Amino acid sequence: MIDVMNSAEVVIVGAGPVGALTALGLAQRGHDVVVLEAEPAITRSPRAMVYYWHVLDGLDRLGVLSDMETAGLRNESFQQRVLSTGVRADIPLTLVAAISPYAFNIHLGQHEVVAIALRHLSRFPNARVVNGATVTAVRTEDDHALVEADGPDGVETWRAGWVVGADGARSAVRRTLGLSFDGVTWPDRFVATNIRYPFDEIGALAKANMVFDPANGAVIAQIDSTGLWRWTWSESVELPEEGVLERLPDRLAALGFGDAPFEVDSFTPYRMHQRMVDSMRTGRVLLAGDAAHATNPTGGFGLTSGIYDLLALIEPLSGVLRGDAQDTALDEWAQTRLRLFREFASPMASRIKELVYDTRDVPLLEGMVRSAGDMADPAAALGRLTGMTVLRSELPRHHASVS
Ligand SMILES: Cc1cc2nc3c(=O)[nH]c(=O)nc-3n(C[C@H](O)[C@H](O)[C@H](O)COP(=O)(O)OP(=O)(O)OC[C@H]3O[C@@H](n4cnc5c(N)ncnc54)[C@H](O)[C@@H]3O)c2cc1C
């Protein structure tokens with residue numbers, strides 16, 4: 001490490017959704033925060049886009065929900081469908097109103113959420129974002145940590161009370177600490193495709209859909225009101241990646257929704273994993289979001305877990321910075337968040353991926369879809385709708401109160 005020394009109470013590595021929102025929460029509590037982001041500007045490629053009703057209270061507390069609602073699409077139902085037989089269920093979120101004022105999901109590209117978070121952050125004189133600063137090394141000491149970044153003004157070293165590594169699945173923070181990222185990489189390629197095609201008119205799809213099929217399974221969701229949709233499909237990694245765009249029209253036709261003009265806005269082929277670190281805390285360095293744990297995207301467990309990481313982190317970290325809390329509060333945070341990923345997020349995401357893209361047992365799929373749409377017993381229906389709140393480490397964890 002070289003001599004030039006900047007300092008901050010907290011250095012956050014990565015201005016993705018997890019880093020940007022963590023910075024906002026800490027800046028709101030008066031802490032001196034610096035965010036180091038490798039890219040010169042926000043990355044716009046298609047990634048997560050659904051914010052479930054049960055994360056919205058936390059986003060509201062951060063003050064970003066209203067802007068997200070304005071920029072995004074509000075969705076009050078979703079569909080599950082067995083592609084081969086057409087058996088389907090449209091499932092309203094209406095029942096959620098009994099336990100939450102937020103009985104809707106928001107659809108919005110994650111780059112827009114980052115833009116909103118950074119706009120809010122820019123109002124705080126105690127927060128700073130440095131773009132084009134690639135973190136290359138992190139070292140933790142007894143009472144501080146050192147972060148080396150290759151930035152616009154050359155290589156600089158930051159001294160921080162605490163570091164939050166929110167630098168994504170390929171985290172440099174994780175690697176420089178020598179932490180393992182154990183787990184599996186799926187043998188599929190996912191293709192997140194932003195496309196203009198009338199899924200609703202010709203396919204009778206809802207604004208959010210899981211389409212179950214071992215050949216053409218897909219997750220399809222409306223992104224905005226301009227006719228833009230996200231269609232996430234999968235294929236074997238044995239196929240050449242450079243042929244994705246050529247194969248795309250046949251894959252769209254294979255859904256069987258009908259012949260209509262379409263326009264591909266953008267697409268990202270990617271591999272997905274079920275992986276996690278051994279510990280989300282190493283001395284003065286905390287890992288959050290994809291830097292700590294990665295999952296396949298089916299069901300939206302990736303960003304949802306990251307959002308719960310940061311919502312649960314802000315208060316204890318702020319307490320430690322103020323001197324009101326022992327740093328054991330951060331051990332507790334790290335252990336709880338990792339346990340919830342290991343015991344719930346990762347297995348649930350793996351099961352949903354298997355059902356959407358792999359399962360050949362049509363009667364099983366049909367039974368599952370029928371029961372998902374069965375509203376005859378409202379308590380049971382609400383129990384199903386709240387299953388994912390098991391990922392919250394804060395209260396209310398609705399799944400416990402209704403099941
Ligand atoms: C194609 C694709 C589709 C996806 N679809 C879904 C989905 O539908 N639903 C879902 O829930 N999840 C989805 N995910 C996962 C979701 O995008 C992640 O869970 C989410 O982005 C995690 O946010 P994060 O802030 O932890 O990390 P990221 O969003 O990865 O942000 C990390 C940030 O750190 C920066 N950075 C990286 N290295 C450094 C460095 N050395 N120094 C400084 N900065 C650095 C990066 O530039 C980036 O801005 C998808 C992911 C991909 C790739």
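Coordinate-derived values only; no laboratory data. What you see is a predicted model, and the numbers here were worked out from it, not measured in a lab. Don't worry about glycine lacking a Cβ; one is built from the backbone with ideal geometry, like all the others, and counts go over all protein chains shown.
Quick notes
- Across the range 92-227, C-alpha contacts under 8 Å between residues 6 or more apart give a mean separation that, scaled by the residue count, equals a relative contact order of 15 percent.
- Cα gyration tensor, the chain - rounded (a/c under 1.5), prolate or oblate: prolate
- Over the chain, relative contact order from alpha-carbon pairs under 8 Å, at least 6 apart, %: 20
- Max mean-square fluctuation residue, GNM over the chain, Cα-Cα springs under 10 Å, options F199, F262, F344: F262
- Taking the average, over residues, of other Cβ atoms within 10 Å as the packing measure, peptides 305-315, 93-103, 17-27 rank 17-27, 305-315, 93-103 from highest down.
- Between G63, G183, G243, the GNM of the chain built on Cα springs shorter than 10 angstrom shows G243 fluctuating the most.
- Cα-Cα pairs of the range 188-301 separated by more than 22 Å (percent): 40
- Efficiency of FRET between D153 and R247 - r from beta-carbon atoms, R0 56 angstrom, step 0.05: 0.80
- Paramagnetic label zone (point 7 Å from Cα along Cα-to-C-beta, D278; backbone N under 14 Å) in the range 142-177: 175, 177
- Here the gap between D331 and E238, fully extended at 0.36 nm per residue and compared with their Cα-Cα distance, gives a gain of 29.3 nm.
- When only Cα pairs below 8 angstrom with a gap of at least 6 residues are kept, the range 146-203 shows a relative contact order of 16 percent.
- Placing a label point 7 Å from the Cα of D265 along the Cα-to-Cβ line, the residues of the range 53-69 whose backbone N sits under 17 Å from it are 68-69.
- Each peptide in 76-88, 280-292 gets a packing score, the mean of other Cβ atoms within 10 Å over its residues, and the list from highest to lowest is 280-292, 76-88.
- Furthest towards positive pole of dipole, I99, P46, I195, structure part the chain, Cβ charges: I99
- Label zone at D143, where the point sits 7 Å out along the Cα-to-Cβ direction: the range 150-178 residues whose backbone N lies under 18 Å: 159-163
- Every Cα-Cα pair in the range 79-121 was counted, and those over 16 Å apart are 63% of them.
- Local electrostatic count at D358 - Lys and Arg +1, Asp and Glu -1, tallied over other residues with Cβ under 12 Å: -1
- Basic side chains Lys and Arg get +1 at the Cβ, acidic Asp and Glu get -1 at the Cβ, and with that the dipole of the chain about its Cα centre reaches some 500 debye.
- At full extension, R342 and D374 could sit 8.5 nm farther apart than now, given 0.36 nm per residue minus the alpha carbon distance.
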